[in-house]
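The values are calculated or read from the model by the stated rules, or taken from the named source; none is laboratory data. Note that the structure is a prediction, hence the values are computed from the model and not measured. Cβ sites come from the backbone with ideal geometry, for glycine too, and all protein chains shown count toward neighbours.
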Amino acid sequence: MSKLNTQVAIVTGGGTGIGRGVALALAGEGAKVVVCGRRLEPLESSVAAIRGLGGDGLAVQADVSNAEDVDRLTKTAFETYATVDILINNAGIGGSGYIHKHDIETWDRVMAVNLRAPFLTARAVLPLMREQRRGHIVNISSESGLEYYQGNGAYGVAKHALNAMGEYIQRENQELGIRVDTICPGMVVTEMTEGSRGLDHAKCLYPEDIADLVLWLVTRRPNIKIGRPILIQTMENPWQ
């Protein structure tokens with residue numbers, strides 16, 4: 001029997017990159033996977049790939065920084081599959097620059113997608129997870145959430161805050177059997193990063209590397225938790 005049979009997962013930003021890799025890995029272990037994102041075509045491609053593996057998937061077009069969209073997403077998942085066992089908070093956007101040079105619109109948008117959205121999705125699924133006394137939330141943060149890189153701006157601040165939020169949620173809910181893990185990847189080759197100048201793809205992480213780690217985390221025995229954000233990076237510097 002596959003390790004995640006009967007479980008239902010929501011993966012935000014599930015149409016491309018890390019989100020798509022995680023969605024396919026979860027489906028490969030038997031989970032029913034709801035993928036969401038702002039663009040419908042990549043989501044439908046992920047669902048087609050899930051079904052190609054013999055899995056069960058659903059695409060929901062949604063902006064997870066919008067509370068009404070998040071309510072619709074979780075309602076759709078519950079009405080379709082009757083539960084939500086796993087939430088992967090993966091959706092994110094870049095936003096570098098020195099703090100004093102950031103325009104307010106960029107700052108607010110980065111905070112909305114990289115911090116407000118994980119808050120909204122966790123807030124939406126936690127009552128159900130608390131009621132059923134089980135659940136697993138995995139936040140995809142960044143190496144920038146552990147380090148302090150000059151010029152990393154809103155992105156770095158949002159990822160540091162996401163790490164802290166994950167710890168708060170863990171402590172508030174662990175007595176009810178709910179686990180929260182935060183992954184902090186180094187440079188991953190995705191649609192957002194692949195064109196970066198000076199990046200050696202051969203020395204980078206790939207979405208499958210993050211998906212393998214997510215799968216390891218969500219298939220541990222229920223009594224096992226990881227107490228701090230997990231840094232995953234490559235042995236060699238990917239920047240030429």
Have a look at ALA112, ALA161 and point out the one that is in contact with a helix residue (DSSP H, G or I) (Cβ under 7 Å, 6 or more places away or on another chain) and either crowded, with 20+ Cβ neighbours inside 10 Å or closer than 23 Å to ASN66 by Cβ (or both). ALA161
Could you check region 29-129 for helices (runs of 4 or more DSSP H) lying wholly inside it with 1 or more residues that are in contact with a strand residue (DSSP E or B) (Cβ under 9 Å, 6 or more places away or on another chain) and more than 23 Å from ILE183 (Cβ to Cβ)? 40-52, 67-81
Out of (1) of a type in the set (Gly, Ala, Ser); (2) under 23 Å from PRO185 (Cβ atoms); (3) over 16 Å from the mean Cα position of the chain (by Cα); (4) buried (at least 23 other Cβ atoms within 10 Å of the Cβ), the odd one out for ALA117 is which? (3)
Can you confirm whether ASP181 is acidic (Asp, Glu), within 20 Å of the chain's Cα centre (by Cα) and part of a helix (DSSP H, G or I)? no
Please indicate, with yes or no, whether at least one residue in region 191-210 is farther than 23 Å from SER46 by Cβ, out of contact with any helix residue (DSSP H, G or I) (no Cβ under 6 Å at 6 or more places or on another chain) and among the acidic types (Asp, Glu). yes
What's the number of the only condition in (1) modelled with pLDDT of 95 or more; (2) outside any helix (DSSP H, G or I) that GLU194 fails to meet? (1)
Looking only at region 130-178, count how many residues are of a type in the set (Phe, Trp, Tyr), touching a Ser or Thr at 6+ places or on another chain (Cβ under 9 Å) and outside any helix (DSSP H, G or I). 1
